[in-house]
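Just so it is clear, none of the values below were taken in a lab; they were calculated from the coordinates. Owing to the predicted nature of the structure, the values given are computational and were not obtained by experimental measurement. Here the Cβ is made from the backbone with ideal geometry for all residues, glycine too, and neighbour counts use every protein chain on show.
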Amino acid sequence: MLLHGKIGGSSVNGPGNRIVLHFQGCDLGCVGCWNPDTHLFRGDKLVNMPDLEDWILDQKGITGITFSGGEPMQQAQFFWYITEFIKRQRPEWSLILFTGYSIKELERGAFKWYRETDAEWQQGSAKLWKEISGNLDLVVAGRYNESKRTNELPLRGSTNQELVFLTDRIKEGDLSPQEVEMTFDPETGLVQITGFPVGWEEYDMTKDRKPATVEAPPLKAMAEGDDDDDGMLVGAGG
Ligand code: SF4
């Protein structure tokens, strides 16, 4: 599985205290995407699944897990696997997916997924989506549309995106207004900003589309840290 980054406790990506897994790889090409660093399917972002599973189980005080982009559905095979693992190991957790695909596209199998073992694209299917969605509680679905951007709607960066509640484990009233969160890992020197950046209506998107990648402070610990993670900004979108 190609993973851009992981957060061991977030309160801005859904209700409660959540693990966030940011997948690496997305070719949906939403104009104005806040995290283009996640777009390439980069071999150096390959994670060892047993290590990832151990890390997930090691996190304390967690109430759920959020899968975000890049595009989780473009690694559908591993995404399905990790949802199965969590349902087995932590059945009390809620599962949220951010995806750039619309629900209609997913339901009719109109998506594709990247098989990293041979770098081949595979066609999705309604059956595969049914298996994956059977493990999810909430889907935030649809491309990020820059012309419809909003900071009014919980968990959505643009008004065309929809919330699809698949179980009653999460309800609309459980969702907080958009917020941004910064985490700092003193062991690795990693700074991560996640959630929905405030003040973005004042941001001139015509002048600078470069993602606001945050460099970690120059701590000695960085040299010994996990180079699997980048500082990153993850804003609105799938
Ligand atoms: S907003 Fe999400 S779906 Fe759109 S290009 Fe960015 S990562 Fe991909």
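In angstrom, the C-alpha Rg and Dmax of the stretch 90-131 are 12.5, 35. Counted over the stretch 40-189 with a bin width of 10 Å, the fraction of Cα pairs per bin, in whole percents, is 10, 36, 38, 16, 0.
Quick one: Debye curve from the alpha-carbon atoms of the stretch 111-179 only, equal weights, vacuum; give me log10 I(q)/I(0) at q = 0.23, 0.24, 0.25, 0.29 Å⁻¹ to two decimals. With no solvent term, the Cα-only Debye profile gives -1.03, -1.05, -1.07, -1.19.
Taking every lysine pair in the stretch 21-159 that is 8 or more places apart or spans two chains, those with Cα atoms closer than 15 Å amount to 5.
Considering all C-alpha pairs of the stretch 12-119, those separated by over 22 Å amount to 33%. Using a Förster distance of 45 Å, how high is the FRET efficiency between residue 121 and residue 180, based on the Cβ-Cβ distance and rounded to 0.05? The computed FRET efficiency comes out at 0.85.
The order of 66, 117, 150, 38, going from fewest to most other C-beta atoms within 10 Å of their C-beta, is 117, 150, 66, 38. Each residue, residue 54 and residue 11, gets one label point 7 Å from its Cα in the Cβ direction; the gap between the two is 3.1 nm. Here's the picture: a label point sits 7 Å out from the Cα of residue 168 along the beta-carbon direction, and within the stretch 116-160 the residues with their amide nitrogen under 20 Å of it are 134-139.
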